[in-house]
Amino acid sequence: MSGNAYDIVKKARSSGRYTGIDFIKGIFNHFFELHGDRRFADDSAVIGGVAYLENMPVTVIAIEKGHNARERMQRLFGAPNPEGYRKALRLMKQAEKFARPVICFVDTSGAYCGIGAEERGQGLAIAENLCEMMTLKTPVISILIGEGGSGGALALSVADRVYMLENAVYSVISPEGCASILWKDSSKAADAAECLKLTAKDALRLGVIEDIISEDNMEQPEFFNGIKDMLINDIRRLGSIPTEAMLDERYNRFRAFGRSE
Amino acid sequence: MPILDFLYKPKNELEKGGRAVAPIQADANEPEKTCPNCHKAIPLSRIWANSNTCSCGYHFRMSARQRITFITDKGSFMEMFKEIKSGDPLGFDGYKQKLETVRAASNEEEAVICGSCTIGGTRCMLFVMEPNFMMGSMGSAVGERITRTFEYATEKGLPVVGFTVSGGARMQEGLISLMQMAKTSGAVKRHSDAGLFYLTVLTDPTTGGVTASFAMEGDIILAEPGATVGFAGARVIEQTTRKTLPKGFQKAEFLLEHGFADAITPRRSQKSLVSMLLKMHCGGDAT
């Protein structure tokens, strides 16, 4: 199977791919978008709101890359500023208050890299999400639909259940970044992609995700219906266990990585 | 008066603690180090006697062991979790050899040292990251040691003091490194929810996945003068945005100005300040 990790990276980044908005439209009804972090601004790289999953109210959050050049510019190519993470956290706390499950769609090359982002505490914004999501008293499910770029992706993926699409990637650093740091040569990105074990299969093997979502019938209605059924089943199961037990499970899910006895 | 000393003029009696420059007579043959700030050559013994700072106020990097000696009460530090070492979970090309080389060169097994100690008489858990071990990068062992430190502290009702220095998540452990951000944050959150005190001291440099997890999660966040602290690397930001970065970008002073640190604390006043803050949060009387 070796030699194809970078092909998957290219697929994960390809512009023809479904973005967050497509998943929201395909899976939920009556989505109503809620804007702003109530602190500073509204980040258009992150979309969030309330919707129905069948007949169950849920909170949906998605990192949105945009479909065409204009949208992509406007949405900063799906690279959230601190306000994006703070909006997401605001909506998650709201979901907790109203006992709504949270569903996140993750697709980012990473948190936005800029002067303003640093001035407004990009690191803190991510850190706060990691802390708060770990103890959010409502089920959280995250699906990586394209790129899962480092801390910027993890900040919406501290969940009870995490899934990846077949051609999504999840990585601590971009293959280009890794190659340029390790070998001072970003053209060796394909080699770095192999080393980083960033495909859905790798993530499943490492226990980072619960399952892989097949992209076989992506053009058919079954694709979104399949995800919808999966979400409903998960929420039903998570809803049937006491909150404290669910939170222990979530803690232990992440506690297990690199645990040595 | 040295320029930086003037800038960090003590604001109260406490901050004046131990500011005297040790009058050590240098031996003529003693090795020297040039200060990158004032460009003077300083004998190593004098740098050490001033907790690795130059008389101009410049803070040299400090190994974890040096820091432990200088911040803890004499003889109180008991190292814990040292048996936890990084494996090679991905079979990453060249990582095993790299670990061996770094272990031999740094004389440390991992990029963080944890344990229990007293500081100014208050018992606490302490973690200190090691710049000489892959620039304090966080892999599974660093994440595990820090997580255990917090879990132990939560169980025993102890505060945690942490000195951070890190280039971020360790890429050779890929997703397992990334997951350490969530794992450590979870442990910090449980410690916090138990009503316990956590103080971080950000030192040069603290970046990437460590900034975006336990470094910024302290109840009180102190930073060393001149320390670079940020999420994205300055060079990457410059390349991505094609903008010239403002002077002092991502320095401790920038953090303070933008509201992400409580105070800038020179090394010479760290022990007295940390001691006081620990006492204040752990039921001690003012002295």
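Assorted remarks:
- Euclidean distance between Cα centres, region A:138-159 to region A:197-247, Å: 12
- Debye, to nearest 20: dipole size of region A:198-261, +1 on Lys, Arg Cβ, -1 on Asp, Glu Cβ: 300
- The residues A:His67, B:His191, sorted by heavy-atom accessible surface at 1.4 Å with ligands and nucleic acids left out, run A:His67, B:His191 from largest to smallest.
- Ranking B:Cys117, A:Ser240, A:Thr135 by Cα position along the charge dipole of the protein assembly as shown, where only Lys, Arg, Asp and Glu carry charges on their C-beta atoms, puts B:Cys117 farthest toward the positive end.
- Between amide H atoms placed 1.01 Å from N, distances below 5 Å from A:Val140 occur with A:Val102, A:Asp160, A:Arg161, all of them 5 or more places distant or on a separate chain.
- Under 5 Å, built H, 5+ apart or other chain: amide partners of A:Gly148: A:Thr108, A:Val169, A:Tyr170, A:Ser171
- Normalised alpha carbon radius of gyration of region B:55-149 [divisor 2.2 N^0.38 Å]: 1.17
- For region B:62-281, with +1 on Lys and Arg beta carbons and -1 on Asp and Glu, the positive-most of B:Ser185, B:Met135, B:Phe150 along the dipole: B:Met135
- All distinct Cα pairs of the protein assembly as shown go into the 1/r average, and the inverse of that average, the Kirkwood radius, is 24.2 Å.
- Net charge dipole size for chain A [Lys, Arg +1 and Asp, Glu -1 on Cβ; Debye, nearest 20]: 440
- Scalar couplings 3J(HN,Hα) for region A:36-44, obtained by applying the Karplus form with A = 6.51, B = -1.76, C = 1.60 to θ = phi - 60°, are x, 9, 6, 10, 8, 7, 10, 9, 7 Hz; x denotes Gly and Pro.
- Distance between region A:16-79 and region A:80-121 - C-alpha centres, whole angstrom: 11
- Interface size, chains A and B: roughly 4000 Å² of accessible area buried, both sides included, 1.4 Å probe, rounded to the nearest 100.
- In region B:187-273, Rg over Rh equals 1.02, where Rg is the alpha-carbon radius of gyration and Rh the Kirkwood radius from pairwise Cα distances.
- Entries in A:Lys184/B:Lys85; A:Lys137/B:Lys183; A:Lys137/B:Lys82; B:Lys189/B:Lys279; B:Lys74/B:Lys279 that, when Cα-Cα distance is taken, lie over 24 Å: A:Lys184/B:Lys85; A:Lys137/B:Lys82
- Sparse packing (at most 12 other Cβ atoms within 10 Å of the Cβ) combined with a DSSP loop state is found for the following GluC sites (Glu not before Pro) in region B:77-118: B:Glu83.
- Note on region A:160-261: the alpha carbon radius of gyration divided by the globular reference 2.2 N^0.38 Å gives 1.36.
- Candidates B:Lys82, B:Lys183, B:Lys247: whichever shows maximal mean-square fluctuation once chain B is modelled as a Gaussian network with Cα springs under 10 Å: B:Lys247
- For region B:72-87, the Karplus equation 6.51 cos²θ - 1.76 cosθ + 1.60, evaluated at θ = phi - 60°, returns couplings of 8, 5, 3, x, 8, 7, 10, 5, 10, 6, 6, 6, 7, 10, 6, x Hz by residue, with Gly and Pro reported as x.
- A DSSP coil position with no more than 15 other Cβ atoms inside 10 Å describes the following trypsin sites (Lys or Arg not before Pro) in region A:1-38: A:Arg38.
- Fraction of accessible area attributable to carbon and sulfur, region B:139-283 (%, probe 1.4 Å): 51
- Region B:99-121 and region B:184-206 have their alpha-carbon centroids 19 Å apart.
- At an R0 of 35 angstrom, the distance between the Cβ atoms of A:Lys25 and A:Glu244 translates into a FRET efficiency of 0.50.
- Within the assembled protein chains, the solvent-accessible surface assigned to A:Glu244 is about 120 Å², based on a 1.4 Å probe.
- Amide H contacts under 5 Å for A:Leu198, placed H, 5+ residues apart: none
- Of the DSSP H helices in chain B, those with a Cα length along their own long axis of 15 Å or more and a mean Kyte-Doolittle hydropathy reaching -0.5 comprise B:174-193, B:267-281.
- Restricting the calculation to alpha carbons of region A:5-250 gives Rg and Dmax of 17.1, 53 angstrom.
- Rounded to the nearest 0.05, the FRET efficiency derived from the C-beta distance between B:Thr241 and A:Arg259 at R0 = 41 Å is 0.60.
- With the convex hull constructed from alpha-carbon coordinates only, region B:102-181 shows a mean projected area of 5.4 nm² over all directions.
- Those residues of region A:234-261 for which accessible area with every protein chain present is at least 50 Å² below the isolated value (1.4 Å probe): A:Tyr251, A:Arg255, A:Phe257, A:Gly258, A:Ser260
- Accessible surface of region A:42-117, 1.4 Å probe, proportion on carbon and sulfur as whole %: 56
- Exposure of B:Ser192 as accessible area (Å², to 10), given a probe of 1.4 Å and all protein chains: 50
- Cys residues of chain B counted as unpaired, since no other Cys beta-carbon is under 4.7 Å: B:Cys114, B:Cys117, B:Cys124, B:Cys282
- Per residue, the accessible area of chain A comes to 40 Å² when a 1.4 Å probe rolls over the protein heavy atoms.
- R0 of 56 Å, Cβ-Cβ distance A:Asp211-B:Lys156: FRET efficiency to nearest 0.05: 0.90
- With eigenvalues of the C-alpha gyration tensor scaled by 5 and rooted, chain B, Å: 28, 24, 20
The values are calculated or read from the model by the stated rules, or taken from the named source; none is laboratory data. Nothing here was measured: the structure is a model prediction, and the numbers come from that model. Because the Cβ atoms are built from the backbone with ideal geometry, glycine has one as well, and the counts that use them run over all protein chains shown. The accessibility values were calculated without ligands, DNA or RNA, using every heavy atom of the protein model including side chains. Shrake-Rupley method; radii C 1.70, N 1.55, O 1.52, S 1.80 Å.
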